[in-house]
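Asker: Below is the structure I would like to discuss, written out as structure tokens.
The values are calculated or read from the model by the stated rules, or taken from the named source; none is laboratory data. Only a predicted model underlies this, so the values are computations on that prediction, with no experimental measurement involved. Note that each Cβ is placed from the backbone with ideal geometry, even for glycine, and that neighbours are counted across all protein chains shown. The accessibility values were calculated without ligands, DNA or RNA, using every heavy atom of the protein model including side chains. Shrake-Rupley method; radii C 1.70, N 1.55, O 1.52, S 1.80 Å.
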Amino acid sequence: MTTIRNIAVLTGGGDCPGLNAVLRAVVRTAISRGVSVWGVKNGFGGLVKNEMMFLGLSDVAGILPRGGTILGTTNRDNPFHFKVVEEDGTVVYKDMSGVVLENLKKREIDALLIIGGDGTIKIGGEFAQLGVKVVCVPKTIDNDIACTERTFGFDTAVGVATEALDRLHTTAESHHRVMVLEVMGRYAGWIALHAGLAGGADCILIPEIPYDIRAVQEKITRRQQKGSRFSLVVVAEGAAPVGGEMVGVERKEGTEKLRLGGIGNILAEQLAELCDVETRCTTLGHLQRGGSPTAYDRVLATRFGVTATEALLAGKTDIMVALQNNAVIEVALEEVAKQSALVPVDGELVRSAKSIGICFGD
Ligand code: F6P
């Protein structure tokens, strides 16, 4: 078994609260075992361009509560399909994985710790296939990574969305309005579902359950008839009506086709018309991704960082750390790649929400 002396850590994909807590845990754990840590700047792009910084204890001091990532990140760069601008200005996409392997060799880096969402983890798996020792840590506010019950960042995002609902509640009530809150989550409705439950939403619309606008209208009208002249609707950015498409703009680069967003405004306009009520839409956007992680996310990020580093130092590869039954365990990257973690439509959470009268538009 090769002895691990130097590891590199990178953060890839969209940022989320808790990334710095992982970095702190990685550096502290590795250094306490006599192992050096290189921090790769700006995700996989830094591996291709050989942009790295040495991470010592002082570099990670004080970063536990800080949002974002001290290393920088991007959701664009894929070393296996890397954008290169030729001298004459033409843009071509090249496989730069060989350059990455060279860069790792030059710095005598024995193993890679990759913190990212599904796109980043998939690329990690491809490097593992090339013989690089790779351990991944799942991150995303969306909570949509397979094989783990939680990703850090999610709890913080739900907290932000819940606070937004609490604030919308009072103004909705005063003005007798319908307030639509659009939250992130990509193709999963976890943020909408949890925030909607915690914030007392009347309707929660998620990608997993295509909605019928008439069902939402009926819910709001029933409330009006009973004397509740305001309503709160939480809509996940990936929600779509029955037979309809998700709303967003095309992405020019990266693995995703669409940059989701806009369904909230469409819904608010439709409901204003159908229910003859004043409506407003708030789109929370990146407020859900920024800022300080909650205590829960700091703890989970720290546990993931420690376990991933220990696994890497033990020579393990091609795995991701995950939370299952409240224990941090290791799962094969192959298993993670097979699916996304979507909201089970007949699961206990949705059933509980329906039991207390929340409408899902179905
Ligand atoms: O995956 C995290 C996430 O915030 C999604 O919820 C959202 O759809 C997407 O990233 C937004 O990406 P960007 O920051 O590139 O606009």
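Results for (1) at pLDDT 95 or above; (2) outside the structural domain of G119 (by TED's automatic domain parsing); (3) farther than 23 Å from K139 by Cβ; (4) small (G, A, S), shown as yes or no for each residue.
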residue: Q217; (1), (2), (3), (4): yes, yes, yes, no
residue: I220; (1), (2), (3), (4): yes, yes, yes, no
residue: F230; (1), (2), (3), (4): yes, yes, yes, no
residue: V247; (1), (2), (3), (4): yes, yes, yes, no
residue: A268; (1), (2), (3), (4): yes, yes, yes, yes
residue: R280; (1), (2), (3), (4): yes, yes, yes, no
residue: A308; (1), (2), (3), (4): yes, no, no, yes
residue: D318; (1), (2), (3), (4): yes, no, no, no
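Asker: Could we say that A201 is buried (at least 16 other Cβ atoms within 10 Å of the Cβ), in a loop (DSSP other than H, G, I, E, B) and away from the ligand (no atom under 16 Å from the Cβ) here?
Answerer: yes
Asker: Could you list, in sequence order, all residues of region 345-362 that are open to solvent by less than 30 Å² (accessible area, probe 1.4 Å) and at positive phi?
Answerer: Kept after step one, since they are open to solvent by less than 30 Å² (accessible area, probe 1.4 Å), are these residues of region 345-362: 347, 350, 353, 358-361.
Hit for region 345-362 is G361, nothing else.
Asker: Report yes if some residue within region 332-347 is free of Cβ contacts under 8 Å to residues at least 60 places away in the same chain and in contact with an Asp or Glu (Cβ under 7 Å, 6 or more places away or on another chain); otherwise report no.
Answerer: Yes, there is a match, as at least one residue in region 332-347 is free of Cβ contacts under 8 Å to residues at least 60 places away in the same chain and in contact with an Asp or Glu (Cβ under 7 Å, 6 or more places away or on another chain).
Asker: Report the residue count in region 143-177 for those that are under 20 Å from A201 (Cβ atoms), of a type in the set (V, I, T) and more than 12 Å from the chain's Cα centre (by Cα).
Answerer: Within region 143-177, residues that are under 20 Å from A201 (Cβ atoms), of a type in the set (V, I, T) and more than 12 Å from the chain's Cα centre (by Cα) number 4.
Asker: Residues of region 218-239 being under 20 Å from the mean Cα position of the chain (by Cα) and part of a loop (DSSP other than H, G, I, E, B), which ones?
Answerer: Correct list: E237, G238, A239.
Asker: Report the residue count in region 1-37 for those that are of a type in the set (G, A, S) and farther than 30 Å from I191 by Cα.
Answerer: The number of residues fulfilling the criteria is 5.
Asker: While we're looking at this one, here's another question. Is there a residue being charged (D, E, K, R) and within 27 Å of K338 (Cβ to Cβ) anywhere in region 182-199? Don't jump to the end; show me each part of the working.
Answerer: So the first thing to find is which residues in region 182-199 are charged (D, E, K, R), and the list is 182, 186.
The next check asks that each one be within 27 Å of K338 (Cβ to Cβ); those that pass are 186.
Yes: one or more hits.
Asker: Separate question: Which one of these does R66 not meet: (1) open to solvent by 10 Å² or more (accessible area, probe 1.4 Å); (2) touching a residue at least 12 places away in the same chain (Cβ under 8 Å); (3) within 20 Å of R107 (Cα to Cα)?
Answerer: Condition not satisfied by R66: (3).
Asker: Let me confirm something: among V85, V99, V134, V92, which residue is surrounded by fewer than 21 Cβ atoms within 10 Å (Cβ to Cβ) and touching an Asp or Glu at 6+ places or on another chain (Cβ under 9 Å)?
Answerer: It is V92.
Residue by residue, here is whether (1) open to solvent by 60 Å² or more (accessible area, probe 1.4 Å); (2) at pLDDT 95 or above holds:
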position	(1), (2)
M1	yes, no
A8	no, yes
V37	no, yes
V40	no, yes
F44	no, yes
V48	no, yes
M52	no, yes
S58	yes, yes
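Asker: Within region 214-260, take every residue that is of a type in the set (A, V, I, L, M, F, W, C) and within 17 Å of G200 (Cα to Cα) and give me the one that is nearest to the ligand (Cβ to nearest atom).
Answerer: Among those residues, the one meeting the criterion is A236.
Asker: Let me confirm something: among R303, R280, which residue is assigned to a helix (DSSP H, G or I) and crowded, with 16+ Cβ neighbours inside 10 Å?
Answerer: Step by step, each of R303, R280 is checked, and only R303 is assigned to a helix (DSSP H, G or I) and crowded, with 16+ Cβ neighbours inside 10 Å.
Asker: Here's something else I'd like to know. What number of residues in region 249-266 are over 17 Å from the mean Cα position of the chain (by Cα) and either hydrophobic (A, V, I, L, M, F, W, C) or at positive phi (or both)?
Answerer: Taking region 249-266 first, the residues over 17 Å from the mean Cα position of the chain (by Cα) are 249-253, 262-266.
Among the residues that remain, those that are also either hydrophobic (A, V, I, L, M, F, W, C) or at positive phi (or both) are: 249, 262-263, 266.
Counting residues in region 249-266 that are over 17 Å from the mean Cα position of the chain (by Cα) and either hydrophobic (A, V, I, L, M, F, W, C) or at positive phi (or both) gives 4.
Asker: Being more than 23 Å from A8 (Cβ to Cβ) and either part of a helix (DSSP H, G or I) or open to solvent by 10 Å² or more (accessible area, probe 1.4 Å) (or both) narrows it down to one of L312, L342, L323, so name that one.
Answerer: Only one candidate passes the filter, namely L342.
Asker: I would also like to ask the following. When you go through (1) in a loop (DSSP other than H, G, I, E, B); (2) within 16 Å of the ligand (Cβ to nearest atom); (3) open to solvent by 70 Å² or more (accessible area, probe 1.4 Å) one by one for G290, which number turns out not to apply?
Answerer: (3)
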